[in-house]
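A quick write-up on the structure given underneath.
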2 protein chains.
Amino acid sequence: MTARDRDRRAEILAGAAALFAEKGVATTTVRELADAAGILSGSLYHHFESKDHIVEEIVISYVDDLRRGYDRALAEEQEPRARLVNLIRVSLEVAERHHGATEIYLNELQSLRSLPRYGTIRRARSAMRKAWIATIESGIQAGAFRSDLDPQVVYRLIREAVWRSVRWYRPTAAYPVERFASDCASIFLDGLTTPGPRVS
Amino acid sequence: MTARDRDRRAEILAGAAALFAEKGVATTTVRELADAAGILSGSLYHHFESKDHIVEEIVISYVDDLRRGYDRALAEEQEPRARLVNLIRVSLEVAERHHGATEIYLNELQSLRSLPRYGTIRRARSAMRKAWIATIESGIQAGAFRSDLDPQVVYRLIREAVWRSVRWYRPTAAYPVERFASDCASIFLDGLTTPGPRVS
DNA sequence: GCCAACCAAGCAAGCGCTAGGTTAGGATCG
DNA sequence: CGATCCTAACCTAGCGCTTGCTTGGTTGGC
């Protein structure tokens, strides 16, 4: 595989990810993928086995990146609150690098089950879930987080709110990803209510 | 239109909503819709003009119901915190009544734009957005909610977290929708951090 | 006997994918 | 160093299938 070949593949994948994210995988045709790459549909099959293999490559590269980010985030931090902030920040950063893949993963996880290498996706998904749940549970045990809420419920609410932000949030100079991440973390950790004098 | 006819239509719509939610609109065929209703695909066209009209009817009945619920929720309550709780509760209750439609609306809002009566959907969507934003902004002005967060960001985070819960939450006797709604509200209003002595 | 509800059959368009031919550019060799 | 060959990259053309939808005919309850 030459450098030129790798570039071409990456180019096709980038265009495909954007199209899949915009119109959905099923409704995007191989002819549209080829158009985006400036070739004819048949020529796609010189680079990829099938349309499904293109989808697969996009999604797996995303979940692998995300899983590695979570591992690093948890390794360099022990304190529950800081860990949660890190998980949110990494989720947003990786979503930024894999913008199209994130939408595909969010919208069409169901249909990905039929892919040949779905096991890889499932394992990464499970590992990421564990990272969130472990962080929340250890926070509860350490007394930092409330114990009256189901960790599963908390995890799912945070995950959906954060990941789905790819639909409406894009980093800008005025509102960079670091500040958005800390805002998200602050809402979930401190709440929307005005901080005032409290007696426990 | 006889009562029997209305029943048959409702039956077809219910089956279609479930299928569309499960597999996506584009990947669900009219033959599958007909199978679910126990008839042949051609017979669908006695009840509906087209596949698109079926989708449209499902989604519009959902957003109309939701918009009416929001109007009622805001009319019977003035206090910002209670208003926010009401909006969350209504969203979950209507999502329960229109389970399939909620998923369609969440997953495929983009593709709904090509529908003939999309204007109706857009107007309802805009009215609902206003209900959320007005509630959050009035809470900030009344001093009940923090003023350091963008109301748009708060709105979108809450909306996504709450609406997407149709993917994983179903009401049970052990965890009814009222308690789930109050848990959601509590996370967003009070935060995950242990309530402790605070000095303003 | 009428008409709402359904069936039987199939059409045109679009789908993913394939087979075989063309081209350009680097490697090989006398 | 020019001729020859090879191969990656692409094109041309179209196959087999599924799709949403249509048409004309059938049926059974009022």
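The values are calculated or read from the model by the stated rules, or taken from the named source; none is laboratory data. Here the structure is a predicted model, which means the values were calculated and not measured. Here the Cβ positions follow ideal geometry from the backbone for every residue, glycine too, while neighbour counts run over all protein chains shown. Protein only, heavy atoms only, side chains kept; ligands, DNA and RNA dropped before computing areas. Shrake-Rupley method; radii C 1.70, N 1.55, O 1.52, S 1.80 Å.
Values computed for the structure shown
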quantity: Residue pairs, from the table A:K130/B:K51; A:K130/B:K130; A:K23/B:K51, whose Cα atoms sit over 30 Å apart; calculated: A:K130/B:K51; A:K130/B:K130
quantity: Using a Förster distance of 30 Å, the FRET efficiency for A:D148-A:D64 (Cβ separation, nearest 0.05); calculated: 0.25
quantity: Dimensionless Rg over Rh [chain A; C-alpha; Kirkwood]; calculated: 1.05
quantity: Rounded to whole Hz, the Karplus (6.51, -1.76, 1.60) HN-Hα couplings of the stretch A:13-21, x for glycine and proline; calculated: 5, 5, x, 5, 4, 5, 5, 4, 5
quantity: For chain A: accessible area per residue (Å², 1.4 Å); calculated: 47 Å²
quantity: Alpha carbon centroid spacing (whole Å) that separates the stretch A:77-137 from the stretch B:5-65; calculated: 34 Å
quantity: Distances in nm from B:Q141 to the matching label points in the other copies, shortest first (labels 7 Å along Cα to Cβ); calculated: 4.8
quantity: Potential extension, A:S41-A:R129 segment - 0.36 nm per residue separation minus Cα distance; calculated: 27.9 nm
quantity: Crossing angle, helix A:80-97 versus chain A [Cα axis fit, 0-90 degrees, rounded to tens]; calculated: 20 degrees
quantity: Calculated log₁₀ intensity ratio I(q)/I(0) where the Debye formula runs over C-alpha points of the stretch A:10-88, q = 0.11, 0.15 Å⁻¹; calculated: -0.42, -0.60
quantity: Cα-based helix-to-principal-axis angle, B:51-75 vs chain B, degrees rounded to 10; calculated: 30 degrees
quantity: In nm, spacing of pseudo-spin labels at B:R113 and A:R122 (7 Å Cα→C-beta vector); calculated: 3.6 nm
quantity: Label geometry 7 Å along the beta-carbon vector: A:R117 inter-copy distances in nm; calculated: 4.5
quantity: Nonlocal amide H pairs with A:F145, under 5 Å, H built at 1.01 Å; calculated: A:I140, B:T194
quantity: Cα long-axis angle, helix B:118-141 against chain B (0 to 90 degrees, to the nearest 10); calculated: 10 degrees
quantity: Shortest-first distances to equivalent copies, position A:A174, nm, label 7 Å out along Cβ; calculated: 4.8
quantity: Mean separation of Cα contacts under 8 Å (6+ apart) over length of the stretch A:1-48, as relative contact order %; calculated: 31 percent
quantity: Positive-end residue, the stretch B:52-190 charge dipole about Cα centroid, Cβ charges, pick of B:V154, B:P80, B:P176; calculated: B:V154
quantity: Sequence-separation-based contact order of chain B, relative, with Cα cut under 8 Å and 6+ spacing, percent; calculated: 23 percent
quantity: Accessible surface of the protein assembly as shown, 1.4 Å probe, proportion on carbon and sulfur as whole %; calculated: 50 percent
quantity: Percentage of interatomic Cα-Cα distances in the stretch B:1-48 larger than 14 Å; calculated: 47 percent
quantity: Of A:I140, A:I121, A:I158, the one that fluctuates the most in a GNM where chain A has Cα springs shorter than 10 Å; calculated: A:I140
